[in-house]
1. Does residue B:93 count as at pLDDT below 90 and not charged (D, E, K, R)?
2. When you check residue A:117 against the structure, is it within 12 Å of residue A:52 (Cα to Cα) and of a type in the set (Val, Ile, Thr), yes or no?
3. Pull up region A:28-63, narrow it to residues that are hydroxyl-bearing (Ser, Thr, Tyr) and surrounded by 15 or more Cβ atoms within 10 Å (Cβ to Cβ), then point me to the one that is nearest to the other protein chains (Cβ to nearest Cβ).
4. Could you pull out the residue among A:40, A:58, A:91 that is under 11 Å from the mean Cα position of the chain (by Cα) and at pLDDT below 95?
5. How about region B:36-49: which of its residues are aliphatic (A, V, I, L, M) and under 15 Å from the mean Cα position of the chain (by Cα)?
6. Kindly indicate whether any position in region B:44-67 is surrounded by 18 or more Cβ atoms within 10 Å (Cβ to Cβ) and closer than 23 Å to residue A:15 by Cα.
7. What number goes with the only condition from (1) at pLDDT below 85; (2) surrounded by fewer than 16 Cβ atoms within 10 Å (Cβ to Cβ); (3) touching a Leu at 6+ places or on another chain (Cβ under 9 Å) that residue B:18 does not pass?
Amino acid sequence: MVYYNGANFQCLTGLQRLSINILHHNPLYYREHIKHLALILDKIPSLVLKKISFVIPILPPTPSRVRWHLMANVLQQSRFSQLTEIVFQFIGYDESSYGYAKAWILEDLAPLDERGILSVRYN
Amino acid sequence: MRLTKVLRLLSTHLKPSSLLLGEWPIFDQQTIATLALFPSTERLSLEMHHVAVEDLRYLDTVFVNFPNIRELRMEHCAFENAPYTPDNQVFTPRLRSLEFINCAVMPLLLYFLRRQIVPTNLFSLKCFKPGGIPAVGEYFSRFGDLLQEIQLGFHGVSLSTGNFTLYSAF
């Protein structure tokens, strides 16, 4: 954590739309990425956040189960009740693991899916 | 010189709302002056591959010459870490969007911090290096209540050190 110095996400009190793109990745750190995306969301205090989108590299071809429950826990807090859309867009050349990724997100973020605000896409 | 003449001729016929300056010869005062020929520009893209501008006041010149600018996109821009004192007489743009792509955020973002330039809509940082995190933190700390939309593009892993770039976001 050489570069740890704080981006002060806790100051984003009026944020309405947030997009985070992970441009390339090492599969070894996939779970860490998800964890830190959730931690970023958890720091944002805005009560008017309406849209969140993530662009994430596609999982390895034979992925082991990835859990999104930490993000689910964060997004189910009352301050995210204004959310009208959350998008997960997977990018990459190998589509074979997209089915897994989508199923796991829909399962772990089921409450958001039931609210009709969850989208999972590929490319 | 020929370029300048061409631009002057073009300016009599063209009133562009968008302008992309790629590999612009920014150190030449004469060509900088030609920027003023297109005051209608609302969307400006600056691409400065392979050069690091010595003086942040270059951006003062840009804004003075584009009084109608509303959207600024900067790609591969780097500035020397030289002292900068804002000139309060210089025109301050009212930007809708401010985008940095593959830019050395430090000290670039500090220019916008000191000039108090905050986009009313989109603030975008893509492919910024971890060394820029303190500047981002300072900018969010100062203007976080005004920012409505943020786009962040991370490299998942810092290739040089193995440390997560995402870590540095905290």
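1. On the way: at pLDDT below 90: no; not charged (D, E, K, R): yes.
Against the criterion (at pLDDT below 90 and not charged (D, E, K, R)), residue B:93 does not qualify.
2. Working: within 12 Å of residue A:52 (Cα to Cα): yes; of a type in the set (Val, Ile, Thr): yes.
So residue A:117 passes the test.
3. Within region A:28-63, the subset hydroxyl-bearing (Ser, Thr, Tyr) is A:29-30, A:46, A:53, A:62.
Among the residues that remain, those that are also surrounded by 15 or more Cβ atoms within 10 Å (Cβ to Cβ) are: A:29-30, A:46, A:53.
Working: A:29: 6, A:30: 9, A:46: 9, A:53: 9 Å.
Only one residue fits best here, namely A:29.
4. A:40
5. Within region B:36-49, the subset aliphatic (A, V, I, L, M) is B:36-37, B:44, B:46, B:48.
The answer is B:44, B:46, B:48.
6. No, region B:44-67 contains no residue that is surrounded by 18 or more Cβ atoms within 10 Å (Cβ to Cβ) and closer than 23 Å to residue A:15 by Cα.
7. Among (1) at pLDDT below 85; (2) surrounded by fewer than 16 Cβ atoms within 10 Å (Cβ to Cβ); (3) touching a Leu at 6+ places or on another chain (Cβ under 9 Å), the lone unmet condition for residue B:18 is (1).
Results for (1) more than 17 Å from residue A:45 (Cβ to Cβ); (2) facing another protein chain (nearest Cβ under 7 Å); (3) modelled with pLDDT of 95 or more; (4) crowded, with 21+ Cβ neighbours inside 10 Å, shown as yes or no for each residue.
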| position | (1), (2), (3), (4) |
| --- | --- |
| B:111 | yes, no, no, no |
| B:116 | yes, no, no, no |
| B:120 | yes, no, yes, no |
| B:124 | yes, no, yes, no |
| B:130 | yes, yes, no, yes |
| B:133 | yes, yes, no, yes |
| B:138 | yes, no, no, no |
| B:145 | no, yes, yes, no |
| B:148 | no, yes, yes, no |
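The values are calculated or read from the model by the stated rules, or taken from the named source; none is laboratory data. Quick caveat, the model's predicted, so the values are computed rather than measured. Don't worry about glycine lacking a Cβ; one is built from the backbone with ideal geometry, like all the others, and counts go over all protein chains shown.
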